[in-house]
Amino acid sequence: MKHTIAVLVENKAGVLSRISGLFARRGFNIDSLAVGPTDDPHISRITIIVDGDDYMAEQVTKQLNKLIDVLKVRNLADHEITRRELALVKVKVDESKRGEIVDIAKIMNCEIVDISHTTLMIEFDDRPERVDLLIDLLSKYTILEMARTGTIALQKGHESV
Amino acid sequence: MIESLEREGVTHIFGYPGATIAPLYDRLSDSKIRHILVRHEQHAGHAAGGYARISGKPGVCVVTSGPGATNLLTALATAYMDSIPIVAISGQVNSELLGRDVFQEADITGAAEPFTKYSYLVKDEKELPRIIKEAFHIAATGRPGPVLIDVPVDVQLREAAFKFPQSVSIRGYKPTIQGHAGQIKRVLRTLAQSQHPLICVGGGIFAAKAQDVFLNFIETLNVPVVSTLMGIGAVPTSHPLYMGQVGMHGKSTANDAISEADVLFLIGARVSDRAVLLPDKVKRRTKIIHIDIDPAEIGKNLDTFIPVVGDAKAIMGQIIDYKPDRKDDEWIQFLTDRKNARNVDYADRAEGVNPKAFVHKLSKALPDSFIYCADVGQNQLWSAGNVEIRRGGRFLTTGGMGTMGYAIAAAAGAKVAADGRFTVAVCGDGSFQMSMMELATLVQHGIDVKIVVMVNGKLGLVREIQTDSYEDNQMAVDITGSPDPVAIAKAYGIDGDTVSTAEEAEDGIRKLIAHEGPYLLAVRVSDSESSL
């Protein structure tokens with residue numbers, strides 16, 4: 001089962017290596033990890049997606065809490081959050097395929113951010129499963145390169161980490 | 001830096017100098033802090049650990065960059081596993097050269113990351129006082145552990161206005177002390193319904209400085225006690241409620257007690273694989289009450305019925321305040337009968353000295369407040385299983401890491417922390433050879449540590465594994481070629497003797513105790529002795 005864990009950390013050198021080291025050492029499997037600053041310049045927010053049972057999720061949470069640079073840890077339930085991912089996908093195109101790919105982009109509400117004689121670059125931000133769907137649709141063509149951020153998530157309504 | 005250390009109450013440093021830590025040593029000569037020069041950096045860490053365990057405050061060790069720092073790693077890992085507070089200071093290459101692989105550069109904060117509670121790479125000399133203050137706070141509070149401060153040589157050299165902070169404020173670090181009141185009430189209810197309650201005590205009792213409260217706790221609750229290896233000495237071994245050590249190398253009485261208990265208190269014990277052999281067997285029937293300052297330990301190895309996070313001393317105090325009185329003598333009597341029925345093999349041997357009988361006799365002959373440092377190997381198990389500890393005595397060993405060569409350095413640190421107390425290090429001939437250079441440290445600094453070396457010419461514990469699990473295929477466990485420990489001691493100017501029979505051993509113990517200054521007693525033991 002996938003768990004979405006939000007972590008607030010001190011924005012200091014070495015924090016990320018402490019956290020990734022912890023995951024490697026304790027054998028926790030990270031699906032994705034996204035880091036970015038928050039409105040407070042001293043605090044960064046890390047969103048980690050881990051795959052494992054409840055025991056593992058509890059261990060991840062507790063071990064993270066033990067790190068001195070970690071301020072807050074919260075295992076977020078799927079129903080209480082909004083999740084987003086950003087993807088950039090560069091697809092090889094020729095005249096005959098361009099129309100189809102543009103159609104897919106339109107239907108999925110993607111933006112085409114770069115175009116050349118032989119390529120299209122598509123930008124997409126949406127729920128992770130929608131990003132998966134886009135990539136599946138585009139895999140029929142030739143994906144030259146793609147970059148995908150990890151998932152980020154916030155609780156809906158008034159709740160916060 | 002020195003002034004910050006002095007303000008933190010540091011009186012002793014165990015260390016080994018080098019180029020990148022030279023500025024600190026230059027100023028150390030003007031300080032009241034006493035520097036104890038070890039002969040290998042690993043032992044600076046072990047000595048700081050021994051010092052911490054007896055003084056109750058963080059031990060301090062200082063090493064240089066590169067190999068000095070990497071030599072310290074084993075000691076940091078040892079302290080980390082056993083939750084011993086150490087502040088380690090390492091020199092580092094010039095901060096402008098960091099990352100260029102210059103002479104004696106090692107990424108020690110990176111390498112030590114899994115073995116330290118926290119670490120600092122200091123880039124700004126103005127931050128040093130705050131960092132030192134924080135390091136002592138982090139090392140000593142919560143679940144104690146080693147903290148590393150890596151200081152580039154140019155940072156040591158730069159002058160800065162000295163401003164020492166009054167207090168520490170770390171946003172992400174606020175250990176829980178008091179136990180949750182609701183959980184305490186659940187504990188009392190569960191205890192009241194229990195027929196066969198049992199307490200398993202670990203090294204956390206010493207970390208919490210809670211030996212006296214613990215004694216009061218078990219007597220108030222009238223609940224029998226077993227201990228992990230690290231918990232040995234939390235209660236006097238002759239206490240009527242004490243049923244022995246649990247685990248792979250523990251006593252069957254204690255292990256049976258665990259599997260028969262209906263409520264099991266774990267206090268400052270992390271339920272390691274060596275302590276509880278079959279966690280599944282325990283958790284099916286037993287309600288576990290786990291008291292620990294580290295929430296991450298609770299539920300890690302055993303399913304817990306009532307978790308209580310906080311300081312063991314505070315929580316036991318909270319429970320005692322309710323004055324629970326448990327009337328039951330059947331369960332205690334049952335365990336006591338079984339304990340008394342157990343045969344202890346203290347018989348004389350045809351060849352060599354009976355090591356179990358030796359440990360028992362030695363500990364009985366020592367003053368009550370003795371500090372007994374056991375090394376690693378069969379000698380550790382003979383020591384743990386047969387040492388008699390009275391009130392005020394301490395048993396120090398490396399439980400988590402099982403680091404060979406621990407005892408002499410740890411004993412040196414312990415002795416420095418408690419000058420008046422009789423301190424003995426008990427090693428095997430394998431572990432002695434991993435630490436015998438420290439005899440020089442004892443001599444140079446006049447540290448009165450007595451040493452016992454159990455000599456059987458084998459790496460006995462590995463030999464035993466090979467005998468039991470590898471059809472006695474003894475490979476690389478014969479240590480023929482080892483020197484005579486007494487001759488080695490004499491080369492360092494330390495007196496000593498070898499004993500080979502029970503009678504000689506008694507005489508040897510008398511001489512060891514009576515001798516002024518360090519003394520080494522080599523005890524010949526058959527290489528076919530078993531650990532248990």
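The values are calculated or read from the model by the stated rules, or taken from the named source; none is laboratory data. None of these values were measured; they are calculated from a predicted model. Because the Cβ atoms are built from the backbone with ideal geometry, glycine has one as well, and the counts that use them run over all protein chains shown.
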Of the residues in segment B:281-301 that are part of a helix (DSSP H, G or I) and within 14 Å of chain A (Cβ to nearest Cβ), the one that is modelled with the lowest pLDDT is B:Lys283
For A:Lys92, the lone unmet condition from (1) under 28 Å from A:Asp125 (Cα atoms); (2) surrounded by 16 or more Cβ atoms within 10 Å (Cβ to Cβ); (3) out of contact with any Asp or Glu (no Cβ under 7 Å at 6 or more places or on another chain); (4) more than 10 Å from chain B (Cβ to nearest Cβ) is (2)
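Is it the case, given these coordinates, that A:Val9 is at pLDDT below 95, within 11 Å of chain B (Cβ to nearest Cβ), within 22 Å of A:Ser160 (Cβ to Cβ) and touching a strand residue (DSSP E or B) at 6+ places or on another chain (Cβ under 6 Å)? Reasoning before the result, please.
Working: at pLDDT below 95: no; within 11 Å of chain B (Cβ to nearest Cβ): yes; within 22 Å of A:Ser160 (Cβ to Cβ): yes; touching a strand residue (DSSP E or B) at 6+ places or on another chain (Cβ under 6 Å): yes.
Here the answer is no, as A:Val9 does not meet what is asked.
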Filtering segment A:12-36 for residues that are without any contact (Cβ under 8 Å) to a residue 12 or more places away in the chain and either more than 14 Å from chain B (Cβ to nearest Cβ) or assigned to a strand (DSSP E or B) (or both) leaves a count of 0
When restricted to B:Asp497, B:Asp419, the only residue farther than 20 Å from B:Ser530 by Cα, outside any helix (DSSP H, G or I) and modelled with pLDDT under 95 is B:Asp419
Restrict the check to segment B:193-214 and report whether at least one residue is surrounded by fewer than 18 Cβ atoms within 10 Å (Cβ to Cβ), under 19 Å from B:Pro307 (Cα atoms), in the same structural domain as B:Thr336 (by TED's automatic domain parsing) and polar (S, T, N, Q).
yes
Restricting attention to segment B:332-382, the residues that are without any contact (Cβ under 8 Å) to a residue 40 or more places away in the chain, assigned to a loop (DSSP other than H, G, I, E, B) and of a type in the set (Lys, Arg) number exactly 0
- Does A:Leu67 fit the bill of being within 14 Å of another protein chain (Cβ to nearest Cβ) and touching a Phe, Trp or Tyr at 6+ places or on another chain (Cβ under 9 Å)? yes
Only one of (1) touching a strand residue (DSSP E or B) at 6+ places or on another chain (Cβ under 9 Å); (2) touching a residue at least 12 places away in the same chain (Cβ under 8 Å) does not apply to A:Gln59, and that is (1)
Margin query: Please verify whether B:Val449 is more than 30 Å from B:Asp419 (Cα to Cα) and either among the aromatic types (Phe, Trp, Tyr) or touching a Leu at 6+ places or on another chain (Cβ under 7 Å) (or both), treating the condition exactly as stated.
Written below: no
Those residues of segment A:37-64 that are at the interface with chain B (Cβ under 8 Å from one of its Cβ atoms) and part of a loop (DSSP other than H, G, I, E, B) come to a total of 0
